[in-house]
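Peer 1: Before I ask anything, here is the structure I am working with.
The values are calculated or read from the model by the stated rules, or taken from the named source; none is laboratory data. This one's a predicted model, so the numbers in the text were calculated from it and none came from an experiment. Quick reminder, even Gly has a Cβ in these numbers, built from the backbone with ideal geometry, and neighbours come from all protein chains shown.
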Amino acid sequence: MRLDELYSDYCRAPDGPAKERLGRALERFFVRHFSRRCGPARARDLSQSAIETVWRKLPDFEPEHDDAFSHWLTRIAHYIVLYERARRPPNAFEVGGLESAEFHHPRTSPSGRVRQRERMRLLQSELQRLQPRLREAIEDQLRGGDVQGYARRHGLPPATVRTHRRRGREALRQRIELRERTPSR
């Protein structure tokens, strides 16, 4: 079924199987959309935030024509992709949930490979020094876990898990930057 047809079924009976079918279709639509545009590593998290946006704004949505719902979803996805691309620095590449242009363009010289190994050791040691709740959330993300599954396993709301992941990444970046700027003894 098309998204617009599922939406009209949902409007007729907002609770029950119509809502579940619409939810599954939204997830498939957004995961496919974000996989093509941002890569499969970010697709699940971006689709979850898009689905939350849809459910939050759905009561105010008023379709103007037959294809209005699918166009509305595409616009939401488009703006999330734009935000995601603007957030990332140019030539950035995601390595285990951490962005670094350095890993995207590996050095071919022996000294470049040594610097890359040192940076990986630094990353691993700083990851171990994070607060346990932040470290566990990031390690789950590195293993490819999704927000909903981690939230269910630990009895946390999904928003808290996303916050732990974001704060963990920010703390890790700050610690690595500080350690790289600090001369070694």
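Peer 1: Kindly list, by first and then second residue, each pair from a residue in region 1-19 that is without any contact (Cβ under 8 Å) to a residue 60 or more places away in the chain to a residue that is hydroxyl-bearing (Ser, Thr, Tyr), limited to pairs with Cβ atoms under 9 Å and residues at least 6 apart or on different chains.
Peer 2: ALA18/TYR10; LYS19/TYR10
Peer 1: Would you kindly identify the helices (runs of 4 or more DSSP H) lying entirely within region 98-180 that contain at least 1 residues that are under 29 Å from ALA50 (Cα atoms) and modelled with pLDDT of 85 or more?
Peer 2: Ranges flagged: 110-129, 132-142, 147-154.
Peer 1: Pull out all pairs, ordered by first then second residue, where Cβ-Cβ is under 8 Å, the residues are six or more apart or on different chains, the first lies in region 39-67 and is outside the structural domain of ILE138 (by TED's automatic domain parsing), and the second is surrounded by 13 or more Cβ atoms within 10 Å (Cβ to Cβ) and among the hydroxyl-bearing types (Ser, Thr, Tyr).
Peer 2: Sorted first by the residue in region 39-67, then by its partner, the pairs are ALA43/SER35; PRO63/TYR7.
Peer 1: Another one. Please enumerate the residues belonging to region 56-75 that are within 16 Å of LEU22 (Cα to Cα) and in a helix (DSSP H, G or I).
Peer 2: Within region 56-75, ARG56, LYS57, LEU58, PRO59, ALA68, PHE69, SER70, HIS71, TRP72, LEU73, THR74 qualify.
Peer 1: May I ask you to list pairs of residues, at least six apart or on different chains, whose Cβ atoms are under 9 Å apart, with the first in region 110-130 being in the same structural domain as GLN174 (by TED's automatic domain parsing) and without any contact (Cβ under 8 Å) to a residue 12 or more places away in the chain and the second being of a type in the set (Phe, Trp, Tyr) and surrounded by 11 or more Cβ atoms within 10 Å (Cβ to Cβ)?
Peer 2: Between residues of region 110-130 that are in the same structural domain as GLN174 (by TED's automatic domain parsing) and without any contact (Cβ under 8 Å) to a residue 12 or more places away in the chain and residues that are of a type in the set (Phe, Trp, Tyr) and surrounded by 11 or more Cβ atoms within 10 Å (Cβ to Cβ), the close pairs are MET120/PHE103.
Peer 1: Considering only residues that are crowded, with 17+ Cβ neighbours inside 10 Å and more than 17 Å from ARG87 (Cβ to Cβ), which ones fall in region 23-39?
Peer 2: Passing the criteria: ALA25, LEU26, PHE29, PHE30, VAL31, HIS33.
Peer 1: Looking at region 40-55, can you tell me whether even one residue there is in a helix (DSSP H, G or I), surrounded by fewer than 12 Cβ atoms within 10 Å (Cβ to Cβ), modelled with pLDDT under 85 and out of contact with any Leu (no Cβ under 9 Å at 6 or more places or on another chain)?
Peer 2: Checked against the condition, which is being in a helix (DSSP H, G or I), surrounded by fewer than 12 Cβ atoms within 10 Å (Cβ to Cβ), modelled with pLDDT under 85 and out of contact with any Leu (no Cβ under 9 Å at 6 or more places or on another chain), region 40-55 yields at least one hit.
Peer 1: How many residues does region 4-19 hold that are over 19 Å from LEU73 (Cα atoms) and in a helix (DSSP H, G or I)?
Peer 2: Residues flagged as over 19 Å from LEU73 (Cα atoms) and in a helix (DSSP H, G or I) within region 4-19 amount to 2.
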